[in-house]
Amino acid sequence: MSIPGGLVNILPETSQVSPEDHLVIGGCDLVQLAREYGTPLYLFDEGTLRRRCREFVGEFTSRYANTQVLYASKAYSNPALVKLFQEEGLGLDVVSAGELMIARAAGFPLERAYFHGNNKTPQELELALSHGIGRIVVDSFYELDLLEGIAASQGKTVQILLRLSPGIDPHTHAKTTTGIIDSKFGFPIATGQAEEAVWTAQKLPHLDLVGLHCHLGSPIFEVEPYAQALEVLLEFVYYVETMYAFQLKELSPGGGFAIQYVPEIPPPRVSEYAEVITSNIKNWLGAREAPRLLIEPGRSIVGRAGVALYTVGASKEVPGIRKFVSLDGGMGDNIRPVIYGSRYVAVVANRVSAPEEEKVTLAGKYCESGDLLIENITLPRLRAGDLVAIPASGAYCLSMASNYNASLRPPIVMLKEGKARVIRRRETFEDLMRCDVW
Ligand SMILES: Cc1ncc(COP(=O)(O)O)c(C=O)c1O
């Protein structure tokens with residue numbers, strides 16, 4: 001038996017169907033995993049994770065040797081994942097003291113970590129500096145001053161990049177568009193604020209301005225926005241090189257590389273993103289020394305490797321309108337459909353090849369009418385107890401998970417060659433009340 005055609009590029013790469021018609025990932029049968037760990041359950045396929053890391057490193061360094069791939073922790077981070085990324089030679093992009101401390105606890109070399117964010121607190125910057133963070137990606141004039149003061153007080157010189165806003169629309173969801181002028185992130189180039197930031201940073205004695213950064217948004221299903229952003233950024237570099245003797249040692253066009261969620265919307269290949277980014281930089285270089293290229297994939301490293309597994313419970317048919325089939329998870333573990341209208345597909349993991357028979361809406365169990373994971377999907381007729389797997393769930397699901405309705409966040413199991421390893425246990429009722437003071 002084989003994986004249904006439309007799902008081949010959406011499910012993890014090691015996915016198979018067992019003779020019992022069960023979905024198998026990383027050599028592990030999902031029906032058995034559900035029995036052992038319960039649902040909702042999140043699975044990561046180690047093979048897919050490692051191959052995505054190697055694909056990014058390979059496609060970029062083969063075209064532009066001086067590239068460092070930084071995994072954007074916000075997509076999801078935990079110590080086991082951080083260790084895996086370290087083994088694969090990746091650096092990290094962190095956006096909070098929390099992400100930094102997870103990396104540190106996992107023994108990650110923090111000189112390979114870049115700290116982003118539009119409002120890093122004084123405490124976060126102090127912590128980052130005292131733990132020897134690699135770079136701070138400065139986002140505002142407030143932060144330039146703040147960081148200068150903290151660096152001076154610690155007797156350090158800090159290497160920084162400036163986050164710039166190139167004013168390019170990457171044609172993704174408005175809430176995840178970040179490189180346009182009307183954005184809370186970065187110094188806009190068009191308004192002159194980016195130039196002022198370069199000038200200011202160059203004068204601050206404890207800051208060493210080594211590079212420029214932008215991030216357009218996520219997910220970006222086209223390659224042209226990267227070319228457009230680089231054109232604006234590199235034009236700006238010409239200008240500030242001449243005006244302020246600025247030297248570009250590091251350059252980052254950010255992350256945002258898309259993955260496939262539904263069969264009808266395929267993303268560009270990693271090689272296509274790599275080609276457009278590296279060729280634009282190489283064409284611009286001339287006699288300059290090649291700056292280090294930083295790229296920050298998050299979703300495209302962990303997204304496809306992750307699968308959410310739920311059990312079917314109640315169903316409700318509203319005659320002539322629709323049929324709701326409720327799962328035992330929902331917006332508490334995956335809020336993306338609610339906040340971004342994100343689309344997913346589903347597979348019945350205990351009978352993968354069953355014929356599609358009816359159109360249903362897969363609802364979550366949370367007390368919100370909007371808690372719908374997938375609307376109007378055609379699936380086999382679902383019965384209570386069936387297992388529904390939602391692929392492409394590795395990014396921005398667990399990292400945005402909450403305890404809404406005092407629910408327990410799900411466990412995570414890493415799968416490899418027939419072995420399952422728990423990398424996060426299911427929360428308990430004690431966990432729910434751990435911070436409460438009686
Ligand atoms: C600065 C920065 N870099 C990288 C990323 C990662 O984006 P993605 O997970 O789509 O690759 C983000 C996501 O918001 C970001 O803000």
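Of note:
- Bridgeable lysines around LYS359 (alpha carbons under 18 Å apart, same-chain partners fewer than 8 residues away excluded): LYS316, LYS323.
- Across every pair of non-identical alpha carbons in region 27-102, the mean reciprocal distance, once inverted, gives a Kirkwood radius of 14.3 Å.
- DSSP beta bridges in the chain [antiparallel fraction, %, rounded to 5]: 45
- For region 47-301, the calculated P(r), taken from all Cα-Cα distances in 5 Å bins from zero up to the bin holding the longest distance, is 1, 6, 14, 18, 20, 18, 13, 7, 2, 0, 0 percent.
- Rough spin-label spacing in nm, given labels placed 7 Å along Cα→Cβ, for ALA384 and SER369: 2.6
- Set of lysines with alpha-carbon distance to LYS416 below 28 Å, sequence-local pairs under 8 removed: LYS74, LYS83
- The chain: angle of helix 270-285 to the longest principal axis, Cα-based, in degrees nearest 10: 10
- Packing here is the average count of other Cβ atoms within 10 Å per residue, and on that basis the peptides 305-312, 165-172, 197-204, highest first, run 305-312, 165-172, 197-204.
- Estimated FRET transfer efficiency (GLU235, LYS419; beta-carbon r; R0 60 Å; 0.05): 0.70
- Spin-label pair GLN247/ALA314, simplified geometry with 7 Å Cα→Cβ offset, distance in nm: 6.7
- Expressed as a fraction of 2.2 N^0.38 Å, the value expected for a compact globular protein of N residues, the C-alpha radius of gyration of the chain is 1.03.
- Residue exposure proxy: LYS365, LYS156, ordered by other Cβ atoms within 10 angstrom of their Cβ from fewest to most, comes out as LYS156, LYS365.
- Spin-label model, TRP284 to ASP169: label points 7 Å out along the Cα-to-beta-carbon direction sit 2.3 nm apart.
- Size of region 257-380 from its Cα atoms: along the principal axes, largest to smallest, the extents are 70, 31, 26 Å.
- Per residue, the chain reaches -8500 deg cm²/dmol at 222 nm when only DSSP H runs of four or more residues are counted, each adding -39500 (n - 2.57).
- For region 147-174, the residues whose amide N sits under 19 Å from a probe point set 7 Å from the Cα of SER130 along the beta carbon direction are 147-159.
- Using alpha-carbon coordinates, inclination of helix 193-203 to the longest axis of the chain, degrees: 60
- When exposed loop sites are taken as GluC sites (Glu not before Pro) in a DSSP loop with at most 11 other Cβ atoms within 10 Å, the longest stretch of the chain clear of them is 1-263.
- Relative contact order (%) - criterion: Cα under 8 Å, at least six apart; region: region 47-301: 21
- If R0 is 45 Å, the Cβ-Cβ spacing of GLU272 and SER96 corresponds to a FRET efficiency of close to 0.90.
- Sites ASP208 and THR428 - FRET efficiency at Förster radius 56 Å, r taken between beta-carbons, to 0.05: 0.75
- Label zone at THR121, where the point sits 7 Å out along the Cα-to-Cβ direction: region 128-165 residues whose backbone N lies under 14 Å: 128
- Stretching SER153 away from SER2 to a fully extended chain increases their span by 48.2 nm, per 0.36 nm per residue minus the current alpha-carbon distance.
- Only Cα pairs under 8 Å and 6+ residues apart enter the sum, and on that basis the relative contact order of the chain stands at 20 percent.
- Straight-distance candidates among the lysines for linking to LYS184, with alpha-carbon spacing under 16 Å and chain neighbours fewer than 8 residues away dropped: LYS120, LYS175.
No lab work stands behind these numbers, since they all come straight from the coordinates. Small disclaimer: the values here were computed from a predicted structure and weren't measured. Methodologically, a virtual Cβ is constructed for each residue, glycine included, from the backbone with ideal geometry; neighbour enumeration extends over all protein chains shown.
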